[in-house]
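Remarks on the structure that follows.
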Amino acid sequence: MRGRGIPQLFPAAGGAPPAPSKLVAIDCEMVGTGPGGRTSSLARCSIVTYEGDVVYDQYVRPEAPIVDYRTRWSGIRRQHMDRAVPFRRAQQQVLRILAGKVVVGHAIHNDFKALQYSHPKALTRDTAQMPLLNRRAGFPENTAISLKRLTKALLNQDIQVGKSGHSSVEDARATMELYKVVEEEWEQHLRQNLKQE
């Protein structure tokens, strides 16, 4: 960022939301490693643009042996690991894409944890912690609502259907579309909070 990130995101001319070219959405799928497969390790990472175009979509080989593929949720199968990118290489590729960007995700702390990464808070938009979205969808404001339920309520789209597991590309696109529903209002709220700090 080199100290230029925030001013570029909130230009003086009317304080518009971040430019679409500054925004990406991310979704990661995890598998279980470690004792009992209880540790969530990155196995697929997808990043899409504001328009929903895929800029990154790779299967990732965890550093530890996979104990539980969690296929029902992750969609990950043993054969996906045949062409998977080693974790450290995937991590470098992803962090290069995220640098200086506003990153949108749903319960995004889980994605960042799997990437062993911490993104600047001012450049993070978590649709799971957005009272505006919940209000629009008719859900309680301070309750975490699943991406699936928010997408159905606000976009009238069904995602995460079937037994083959989630698609991280589909989920990243849905997350960006949810962000767009409240983009102007949310960014205005964030700017007001910045001014008060």
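Just a few scattered comments:
- Flag for residue 160 being on the phi > 0 side of the Ramachandran plot, without any contact (Cβ under 8 Å) to a residue 40 or more places away in the chain and either in contact with a Cys (Cβ under 7 Å, 6 or more places away or on another chain) or open to solvent by 50 Å² or more (accessible area, probe 1.4 Å) (or both): no
- One residue stands out in segment 116-140 among those that are charged (D, E, K, R) and in contact (Cβ under 8 Å) with a residue 40 or more places away in the chain: the one that is least open to solvent (accessible area, probe 1.4 Å), namely 125.
- Pairs, first touching a residue at least 40 places away in the same chain (Cβ under 8 Å) in segment 168-186, second surrounded by 20 or more Cβ atoms within 10 Å (Cβ to Cβ) and among the acidic types (Asp, Glu), C-beta under 7 Å, six or more apart: 168/27; 168/29; 171/27; 172/27; 175/27
- Residue 43 vs. criteria part of a strand (DSSP E or B), open to solvent by less than 90 Å² (accessible area, probe 1.4 Å) and out of contact with any Leu (no Cβ under 8 Å at 6 or more places or on another chain): yes
- Here the condition is being of a type in the set (S, T, N, Q) and modelled with pLDDT under 85; of 134, 156, it holds for 156 alone.
- Entirely in segment 54-140, the helices (runs of 4 or more DSSP H) that have 3 or more residues that are more than 20 Å from residue 159 (Cβ to Cβ), touching a strand residue (DSSP E or B) at 6+ places or on another chain (Cβ under 6 Å) and not polar (S, T, N, Q): 87-98
- Residue match in segment 26-37 (condition: open to solvent by 20 Å² or more (accessible area, probe 1.4 Å) and small (Gly, Ala, Ser)): yes
- Restricted to segment 160-197, and to residues there that are in contact with a Lys or Arg (Cβ under 8 Å, 6 or more places away or on another chain) and farther than 22 Å from residue 57 by Cα, the residue that is modelled with the highest pLDDT is 181.
- Looking only at residues in segment 6-25 that are modelled with pLDDT of 85 or more and assigned to a loop (DSSP other than H, G, I, E, B), the one that is surrounded by the fewest Cβ atoms within 10 Å (Cβ to Cβ) is 19.
- Any chance residue 143 is under 18 Å from residue 187 (Cβ atoms), of a type in the set (Ser, Thr, Tyr) and open to solvent by 20 Å² or more (accessible area, probe 1.4 Å): no
- Flag if residue 61 is open to solvent by 40 Å² or more (accessible area, probe 1.4 Å), of a type outside the set (S, T, N, Q), out of contact with any His (no Cβ under 6 Å at 6 or more places or on another chain) and on the phi > 0 side of the Ramachandran plot: no
The values are calculated or read from the model by the stated rules, or taken from the named source; none is laboratory data. These numbers were taken from a predicted model, which means no experiment stands behind them. Counting neighbours? That spans all protein chains shown, and the Cβs are built from the backbone with ideal geometry, glycine included. Side chains included, ligands, DNA and RNA excluded: accessible areas come from the protein's heavy atoms. Shrake-Rupley method; radii C 1.70, N 1.55, O 1.52, S 1.80 Å.
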